[in-house]
Every structure is written in structure tokens, then in C-alpha cells.
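One structure is given below, encoded as C-alpha cells.
The values are calculated or read from the model by the stated rules, or taken from the named source; none is laboratory data. It should be emphasised that the depicted structure is a prediction, and the values quoted were computed from it without experimental measurement. Ideal geometry is used to build each Cβ from the backbone, glycine not excepted, and the neighbour counts take in all protein chains shown.
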Amino acid sequence: MPTRDSHLPLADWLADFCRDAFEIEVSDRAASVAELDAIERELGAPLPPSYRHCLQQWDGAENFCYWKIFSIAELRNNLTIFCFQAESDEPLGAEEYFMYRGLPRGILVFGHQEGLADVAGFDTRSASGGEWPIVRYDHETGELDAIAADFGELMRDRALDAIQDLELFIDPEDPATEERCEPLYELWRKRLS
């Protein structure tokens, strides 16, 4: 599991980062409090505060630093597909979803890394302070790997990885932004580290 301390709340940097970075495809709509409350009732458990904050900024992302983050509609669909049951160790059977057979039903799938069939989810079997650890399910081996202490840490880690590519800060429609790359890289490296 990453060793970075999750000391920087998502609310302190997410909106600014999305403003500065290009080639990030986030929803132009925010999830409403009513929608978030409704999905929590369906889950039978509260969403982690960091994930809830993210959905209140934008309801899902096609590409946030090479990750797909599911919208509330996609999350709702996955409740059925992955037979989600909060805190359950019972695995999915091959008759339910062959590719993800063995995935514990207590993993709330919320996204995946671009180009990979492995899924990322909240491990609702172990919560800490309202947050759930993030795991990756390898669909080929059936193994769960811990990848972050919480959603905020995952997003920060993805952003830190993405800023290494300075083109993240170049507006394709404005070549003059190339001059901003290095200062923005330094600013975000310091802010997120």
C-alpha cells in the first residue's frame, strides 16, 4: 500500500487541479445532495466523505489522470452487476459474473484504470473514520491488492503520477500555455506532496 500520508483533503485541491490541467474529462454536472443520499440508502451504508465530495464536484469522470471514476448512475448499475452487499466477504460466483468471480460482494466498485479490466473499489469490510480503503481486483488472478488508504489518497496519487507528463498543463488550443508547464508542475508537485 502507498506510504503517503493522506493529510491533504480532496476539498482543498480537486477543483483547482481540474481548472489547471487539460485532457481531464470530468462530468459537467455535479451530483445533488438528494442523489447522494438516495444512493447511500440503496447501498445501506454512507459513501466515504472524500468520494462524496468528488461526486459533488463532478458526477463521474471518463478520464481523471488515466482513471475512469463512475457516476452515480454507473455506481447504481454496478450494485446489481457486482451483487454488492456492504461488509460481505461472500464472493461473486461464476454464474453471476464470470470475469469477476471471486470478487467479495463487500467491495463497492467505483472505477478502473484506463485500458485495464481490473476494477477498483472501496473495501467496505474495513472502514476507518468514515473512509474505506481502496483495493484493486485483478480479474485474472482473483487477488485483491490494497492501493490507497482512502479515495482522497488515490486521487492525489493519480494526480501526482499524471503531473510528471508536463503536457497535462498545455492547452492544445493555446500553444502559449507551454510556458506555464514547468511552473504549474512545480506548484502541483509541492501542493500534492
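Among the residues of segment 116-139, the one identified as more than 19 Å from LEU47 (Cβ to Cβ) and free of Cβ contacts under 8 Å to residues at least 12 places away in the same chain is LEU116. Based on this model, can you work out whether ALA149 counts as touching a residue at least 60 places away in the same chain (Cβ under 8 Å) and within 19 Å of LEU10 (Cβ to Cβ)? Criteria met by ALA149.
Here GLU167 fulfils each of the conditions (1) closer than 23 Å to LEU14 by Cβ; (2) assigned to a strand (DSSP E or B); (3) of a type outside the set (Phe, Trp, Tyr) apart from (2). Restricting segment 81-100 to residues that are surrounded by 11 or more Cβ atoms within 10 Å (Cβ to Cβ) and among the aromatic types (Phe, Trp, Tyr) leaves a set whose member that is nearest to GLU131 (Cα to Cα) is PHE84.
Sub-7 Å Cβ pairs linking a first residue in segment 85-97 that is closer than 15 Å to ALA127 by Cβ to a second residue that is among the aliphatic types (A, V, I, L, M) and assigned to a loop (DSSP other than H, G, I, E, B), at least 6 apart or interchain, are ALA86/ALA45, ordered by first then second residue.
With respect to (1) in contact with a Ser or Thr (Cβ under 6 Å, 6 or more places away or on another chain); (2) assigned to a loop (DSSP other than H, G, I, E, B), the lone exception for GLU153 is condition (2). Of the helices (runs of 4 or more DSSP H) lying entirely inside segment 1-103, those containing at least 1 residues that are modelled with pLDDT of 90 or more, farther than 30 Å from PRO172 by Cβ and acidic (Asp, Glu) are 33-43.
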